[in-house]
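Below is one structure; the comments refer to it alone.
No value in this document is a laboratory result; all are computed from the given coordinates. Not measured: the values here are computed from a predicted model. Cβ placement follows ideal geometry from the backbone for every residue including glycine, while neighbour counts extend to all protein chains displayed.
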Amino acid sequence: MWLNGKIQQAMHSSKRYPLGGMVHLNEFFVGEYEEGRIGRNSGSKKRLVVVALEILEDENGVGRAYAKVISHASGKDFKPFFDDYISCDAHVVTDEWKGYLLLRNDYPYFEQKPSGKGSNFPELHIHRLNIQRHLRGIHHHCSKKHLQSYLDEYHYKYNRRNHMDTIFDNLVVRMATFRAIM
């Protein structure tokens with residue numbers, strides 16, 4: 001268990017490579033179905049996650065992505081995620097949730113459009129479903145304490161999916177560097 005924790009710490013984002021170009025962004029809940037709890041209900045046991053995905057114009061379709069656990073779907077809680085993971089000159093596109101309005105001043109290429117139940121953001125919704133499948137398949141249960149580490153692990157692998165031949169070597173170097181700092 002100790003080694004797994006160290007590996008997950010090494011998979012934490014360096015935050016040196018913010019998303020640029022076209023970025024689709026949305027939030028979703030992680031957790032089991034709760035009777036009578038739908039939408040962005042703050043009384044739920046589910047954890048709220050914001051996710052951003054680069055949309056590329058070439059044949060690859062999607063670029064890098066990041067996700068972060070947040071406490072509320074408000075501009076105040078979205079702001080640190082934007083600051084850490086999204087370039088100020090990115091063209092950010094999200095749904096019409098009013099919690100994003102606070103960020104319009106800092107991101108001049110900010111656009112809101114109807115979600116269309118996911119049809120206007122197909123790549124983002126596929127990415128979100130893949131995150132949820134990863135969490136259910138590998139971790140089975142996501143405690144609040146470990147959810148961010150699980151998201152970091154998923155995105156470490158996802159963002160390096162085109163460089164799988166060096167992913168292990170890079171992880172070992174990061175672990176050694178992290179251990180030397182600690």
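A few points about this structure:
- Just one of the listed residues (Y100, Y85, Y66) is hydroxyl-bearing (S, T, Y) and touching a Lys or Arg at 6+ places or on another chain (Cβ under 8 Å), namely Y85.
- Complete set of residues in region 84-101 that are of a type in the set (D, E) and buried (at least 22 other Cβ atoms within 10 Å of the Cβ): none
- Failed criterion for E123 (all others in (1) surrounded by fewer than 15 Cβ atoms within 10 Å (Cβ to Cβ); (2) in contact with a strand residue (DSSP E or B) (Cβ under 8 Å, 6 or more places away or on another chain); (3) not small (G, A, S) hold): (1)
- Residues (within 16 Å of the chain's Cα centre (by Cα), touching a residue at least 24 places away in the same chain (Cβ under 8 Å) and part of a helix (DSSP H, G or I)) located in region 101-124: E123, L124
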